[in-house]
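The values are calculated or read from the model by the stated rules, or taken from the named source; none is laboratory data. What you are looking at is a predicted structure, and each value in this text was computed from that prediction instead of being measured. Every residue, glycine among them, receives a Cβ derived from its backbone with ideal geometry; neighbour counts consider all protein chains shown. Ligands, DNA and RNA are stripped out before the accessible areas are found, and what is left, the full protein with its side chains, is counted by its heavy atoms. Shrake-Rupley method; radii C 1.70, N 1.55, O 1.52, S 1.80 Å.
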Amino acid sequence: MSSEKIIQHSEAATKFNKDVERVNWHDETLWFVRAKRDKSAHQINDWELLRETASRIKANVLSNIHDYLVEFEANAQRNGIIVHWAADAKEHNEIVHSIMAKHDVKQMVKSKSMLTEECHLNDYLAEKGIEVIDSDLGEYIVQLRKEPPSHIVLPAIHLKKEDVSETFHEHLGTEKGNFNPQYLTESARHSLRNTFLTRKVALTGVNFAVAETGEFVVCTNEGNADMGAHLADVHIACMGFEKLIPQRKHLGVFLRLLARSATGQPITTFSSHFKKPRDGKELHIVIVDNGRSKQLGREDFRNSLKCIRCGACMNTCPVYRRSGGHSYHNAVAGPIGSILAPNLDMSKNADLPFASTLCGSCTNVCPVKIDIHDQLYKWRQVLVKDGYTPKAKTIAMKTMATVLASPTIFNIAGKSGRFVMKNIPAMVNNKMNKWYDQREMPDVPEESFREWYKKNSRESKAKDNEQ
């Protein structure tokens, strides 16, 4: 995906919206998950206290990240874990490849890892002649379709069971036209079973890494991370440095928040702790920066590194729900992706902070209280100031600023606009004006609010004088 031409969010969203039935289904499905989150959250009396506690723990980590990283490395190495440091995606991929080359292995089983999606690890290893099989069901489905995941928790949420049935029939030889979810899941299990048994290297992501103990935790609902890691000779875990938490006791806070925010579950089915390698086996952890230090240094945006990748902001976002994850042309989509992506590349991702209504629903559901909608607004200011927005939009905004700064020009513009909309509507309602692509032009008001207010003020004063 990294080598493909970037399609702007608005253009990709327009394409997604052509299938109205699918858009409505996508919207309703994600809102159903959001509603489950609300029900689960409201069952805990101290939900807001949990959010505040998690936010403060993460703030502490970000303020003392150097000390916690050093502590984690020392404890992990004491446990027998081999620790690697990667400055960027390239170095991360090279480290993973070097471990496989050392063991002369050409196949890998991988569980869900948004960091490796961010680093485009699968593509990199494929170029080196290494086969990677994604074992998470959703990731496996989109991998067979040669698509990136569209959601960080629900990778194949953009697909219906009919789509999965066709994909499995083509690649796994399943019965054509059988849409039964249980049958399709069983088929995937049978296909992946041999993969788990034969792969000598397994890669997992990391949900939380504990500085105090040097251990890390992987949360899954399918147990695929455990299957891969326990059956392989070499386990490689990859994490962004922001996944650190100070102490093991803090896991109780985050594990209660994560699943409820993501899918409405009380807890993920499997929360697996990895502390040291088994006898005769190897356990590696790759700690990655890839722009995180830069984000940490941005005062307005450092809070985005608190993210625990629950996907709650995506499930509630009206824009994401009706534009699809692939419209964000980035490993992490939705509101959180829109404040993380510009940090990596402002030029490629300048459109994403504008893919929002700024309604604040994302901030409202964030389990670690990231000020997402505020950061989206601030990114817009940065992008405009630094010249990353389209020239036409920049000119339009400067023109609007001039109009709004002058009451005289504003009044003239308002009268002119009403005249044009009333007498020459084609000047406004045309293909050049994207605002009207899916809207009907409103009735033209006879007067502005200012004119109405002046008139009514005069009439009110006149009545008062009469009395």
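Might you tell me the accessible area per residue for the stretch 268-324, computed with a 1.4 Å probe and given in Å²? Don't jump to the answer; show the numbers that get you there.
Working: 2210 Å² over 57 residues.
For the stretch 268-324, the per-residue accessible area is 39 Å².
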Please check which bits of the stretch 133-149 a label hung off Leu197 would reach, taking the label as a point 7 Å along Cα-to-C-beta and the cut-off as backbone N under 20 Å. 133-137
For Glu215, which sequence-distant residues (separation of 5 or more, or a different chain) have an amide H within less than 5 Å of its own amide H, given hydrogens modelled in the peptide plane? Val210
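If the viscosity is 1.567 mPa s and the temperature 4 °C, what Stokes-Einstein diffusion coefficient in µm²/s follows for the stretch 193-285 when Rh is the Kirkwood radius over Cα pairs? Before the final figure, lay out the partial values.
Values: Rh = 13.8 Å.
So the translational diffusion coefficient is about 94 µm²/s.
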Looking at the chain, which Cys residues are left with no other cysteine's beta carbon under 4.7 Å from theirs? Cys119, Cys219, Cys238, Cys307, Cys310, Cys317, Cys359, Cys366
Setting aside same-chain residues fewer than 8 positions from Lys106, which lysines have a Cα under 27 Å from its Cα? Lys90, Lys128, Lys146, Lys200, Lys275, Lys276, Lys281
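For a Förster distance of 25 Å, can you work out the FRET efficiency between the beta-carbons of Lys431 and Lys398, rounded to the nearest 0.05? Don't skip to the end; give the middle numbers.
Numbers: r = 24 Å, r/R0 = 0.96.
E between Lys431 and Lys398, to the nearest 0.05, is 0.55.
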Pop out the ³J(HN,Hα) list for the stretch 111-122 in order, Karplus 6.51 cos²θ - 1.76 cosθ + 1.60 with θ = phi - 60°, rounded to Hz; leave Gly and Pro as x. 9, 4, 8, 5, 5, 5, 5, 4, 8, 6, 5, 4
Excluding residues fewer than 8 places away in the same chain, name every one of the aspartates and glutamates whose C-alpha is closer than 18 Å to that of Lys5. Glu117, Glu118, Asp123, Glu147, Asp345, Asp351
What does the accessible area of Met400 come to, in Å² to the nearest 10, when a probe of 1.4 Å is used? 100
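Probe radius 1.4 Å, ligands and nucleic acids ignored: give me the carbon and sulfur share of the accessible area of the chain as a rounded percent. The partial results should precede the final answer.
Values: 12580 of 23760 Å².
Using a 1.4 Å probe with all protein chains present, the chain comes out at 53 percent carbon and sulfur.
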Residues of the stretch 44-172: accessible area per residue at 1.4 Å, in Å²? 44
Length released on extending from Lys18 to His103, taking residue separation times 0.36 nm less the Cα-Cα span: 25.7 nm
Out of Gly138, Asn122, His103, whose Cα points farthest toward the positive end of the dipole of the stretch 101-151 (charges: +1 Lys, Arg; -1 Asp, Glu; placed on Cβ)? His103
Looking at the chain, I'd like the Rg to Rh ratio, where Rg is from alpha-carbon atoms and Rh is Kirkwood's inverse mean 1/r. 1.05
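Quick one: of the DSSP bridges fully inside the chain, what percent are antiparallel, nearest 5? Let's see the in-between values first.
Details: 8 of 32 bridges.
That works out to approximately 25 percent antiparallel.
Based on the Kirkwood radius over alpha-carbon pairs, what is the Stokes-Einstein translational diffusion coefficient of the stretch 376-467 at 4 °C with 1.567 mPa s viscosity, in µm²/s?
Working: Rh = 16.5 Å.
The Stokes-Einstein estimate is 78 µm²/s.
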If unit charges are put on Cβ atoms (+1 for Lys and Arg, -1 for Asp and Glu) and the dipole of the chain is taken about its Cα centre, the option from Gln182, Met239, His326 lying farthest towards the positive end turns out to be His326
Can you tell which of Phe196, Cys307, Cys359 lies farthest toward the positive end of the dipole of the chain, using +1 and -1 charges on the Cβ of basic and acidic side chains (Lys, Arg; Asp, Glu)? Cys359
When we measure straight from the Cα of Lys160, which aspartates and glutamates land under 12 angstrom away, once same-chain ones fewer than 8 places off are left out? Glu21
